[in-house]
Amino acid sequence: MTDLSIAAAPEAAAYTVVMKFGGTSVADAERVRRAAERIVAAKEAGSRVVAVLSARGKTTDDLVAMAYEVSARPDPREMDMLLSTGERISCALTAMVINDLGHEAISLTGSQAGIVTDTSHTKARILDVRAGRIDAALSDGKIVLVAGFQGVSTAADVTTLGRGGLDTTAVALAAALGGDCEIYTDVAGVFSADPRIVPDARKLTQASFEEMLEMSASGARVLQLRSVEYARNHGVRIHCRSSFEDRPGTWVLTEEETMERPLVTAVTHSTDEARVTLTGLPDEPGVAGRVMTALAEANVNVDMIIQNEPESMGREADMSFTVPRDDLTPAREALAPLRAELGIADVATDARMGKVSLVGAGMRSYPGVAAKTFSVLGDAGINIEMISTSPIKISVVVREDDVPKAVLELHTAFGLGADAVRPEDPRGVHRPTVPSR
Ligand code: ADP
Ligand code: ASP
Ligand code: MG
């Protein structure tokens, strides 16, 4: 068993830790000071410390709003120039505090830190981390503060990594420097549901990369999806914990390292989904491919897709899919030229959809989970509009207004709460005993 506690680094070995602080954790001067003290404590314990700091409080939201005040369609390149400023402010301020505390700190922009991305402004992907400058500063005994959520593109422009992208910067730096990644946030770890909706949600001690990927993909924004993908691909261990108390949080690890394998681990949700329905599609090979290619070229992420086969050959088909609400306008624009070209009868959109998902590595091949999920929602009078499954997830699309009730009902029905009694078969679904390893 691996020792998961972050202890003082051994004398000679250089333990590297990348500490990420979210927006709430640096929201005001007092919190910046507390974050700085925490960073200094890790350094004094003997670690090589890199800290990745978010824009303060709601700064990123305010910057986005500012852009829309002056432009209906802000230019993506200029949007990135604007958004990248928030993280720089936090890094410079925190560096000042650390210097006052008697340690040497240096703040770096994403570009100076060697974060190289592709050219997709506002949703860039990290292509390379050239960590030489950070490494040299660490070897000089400095604490390095990196403005996360940003990088420099292969065309030498400033880019940002999409909302929540600071998590990905932190993981990418941990991968490049061979360290662990600590995500400090405003909740005590990853919970069995969003604690803002479910007050008795349980803090998970561990989650596997597979579970966390499904959770992040289905709305648990505590870790950005790409950060979990990056961590899994590069073997980076993530410790997600509270920036306000010094207790262990949740470790995200490989499935081999995790010990708990409950049937259902968490209920996740998202309230910013939109649905697009295309009616009267020609029932011919290649049509679905054309539709999805047009959306992919517009950088729209399509999630759930349903296509209704017509009753007889040669008739028309219908297709519905969900996209993030922010992608609805680009999706409509991407589909517009296809209407005439393919002869699509109608493109209808609904911007007020939500998604609720059940995730658990233990649910592989236990059909009882789906049956119970649908019955619970039915009994609560919640209409299911779309369904999709993976081996370890069941997702349903419901009206946005129904999301909180659906989350609460499912969380209770599957006994996920902190106070839930956990006898042999606590979820009321048939489950064979898992042999111990
Ligand atoms: P940060 O600014 O630190 O990056 P975020 O707002 O991005 O913080 O993510 C933390 C938030 O994620 C929490 O405040 C919580 O409301 C939300 N959240 C949603 N689902 C979960 C979950 N399953 N476990 C923990 N937090 C969750
Ligand atoms: N500040 C950015 C955002 O709000 C990046 C992050 O915090 O992850 O999305
Ligand atoms: Mg976040």
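Since every read-out is calculated from the coordinates, none of them should be taken as a lab result. Bear in mind the structure is a predicted one, so any value in this text is a computation, not a measurement. Here the Cβ is made from the backbone with ideal geometry for all residues, glycine too, and neighbour counts use every protein chain on show.
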I'd like the distance separating the alpha-carbon centroids of the stretch 152-173 and the stretch 61-79, in whole Å.
18
Kirkwood Rh and Cα Rg combined as Rg over Rh, evaluated for the stretch 1-155:
1.01
The aspartates and glutamates whose Cα lies under 12 Å from the Cα of LYS58, excluding any fewer than 8 residues away in the same chain, are ASP28, GLU87
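Taking 8 Å as the Cα distance limit and 6 or more residues as the minimum spacing, I'd like the relative contact order of the stretch 20-160 as a percentage. Intermediate values should be presented prior to the final figure.
Values: 265 pairs, mean separation 39.1, N = 141.
Reported relative contact order: 28 percent.
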For helix 287-297, what angle does its Cα long axis make with the longest principal axis of the chain, in degrees from 0 to 90 and rounded to 10?
20
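What's the ranking of 408-415, 302-309 by average number of surrounding C-beta atoms within 10 Å, highest first?
Working: 408-415: 21.4, 302-309: 15.1.
Final packing ranking: 408-415, 302-309.
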Total charge of the residues flanking SER388 in space, meaning their Cβ is under 10 Å from its Cβ, with Lys and Arg +1 and Asp and Glu -1, is +1
Expected output is a single nm value to one decimal: the length gained when fully extending between ASP186 and ALA351, i.e. 0.36 nm times separation in residues minus the C-alpha distance. What is it?
56.5 nm
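Just check the chain against the gyration tensor rule for me: Cα atoms, a ≥ b ≥ c as the square roots of the eigenvalues, rounded for a/c under 1.5, and otherwise prolate or oblate depending on whether a/b exceeds b/c.
Working: a/c = 2.11, a/b = 1.31, b/c = 1.62.
Oblate is the answer for the chain, as a/c is 1.5 or above yet b/c matches or exceeds a/b.
Quick check on the chain: helices-only [θ] at 222 nm, where DSSP H runs of length 4 and up contribute -39,500 (n - 2.57) each and the sum goes over total residues. Nearest 500, please. Spell out each step's value before the answer.
Details: 11 runs with 141 residues, N = 437.
Dividing the helical sum by the residues of the chain leaves -10000 deg cm²/dmol.
For the chain, what is the percent of antiparallel DSSP beta bridges, rounded to the nearest 5? Each step should come with its number before you reach the end.
Numbers: 45 of 74 bridges.
Here the antiparallel bridges make up roughly 60 percent for the chain.
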Using a Gaussian network model of the chain with C-alpha springs under 10 Å, which one of GLY235, GLY343, GLY148 is most mobile by mean-square fluctuation?
GLY343
Taking the 0 to 90 degree range and rounding to the nearest ten, how far is the long axis of helix 403-413 tilted relative to the main principal axis of the chain, both from C-alpha atoms?
80
Length released on extending from ALA371 to ASP326, taking residue separation times 0.36 nm less the Cα-Cα span
13.0 nm
Let me spell out the model: positive unit charges on the Cβ of Lys and Arg, negative unit charges on the Cβ of Asp and Glu, origin at the Cα centre of the chain. What dipole size does that give, in debye rounded to 20?
740
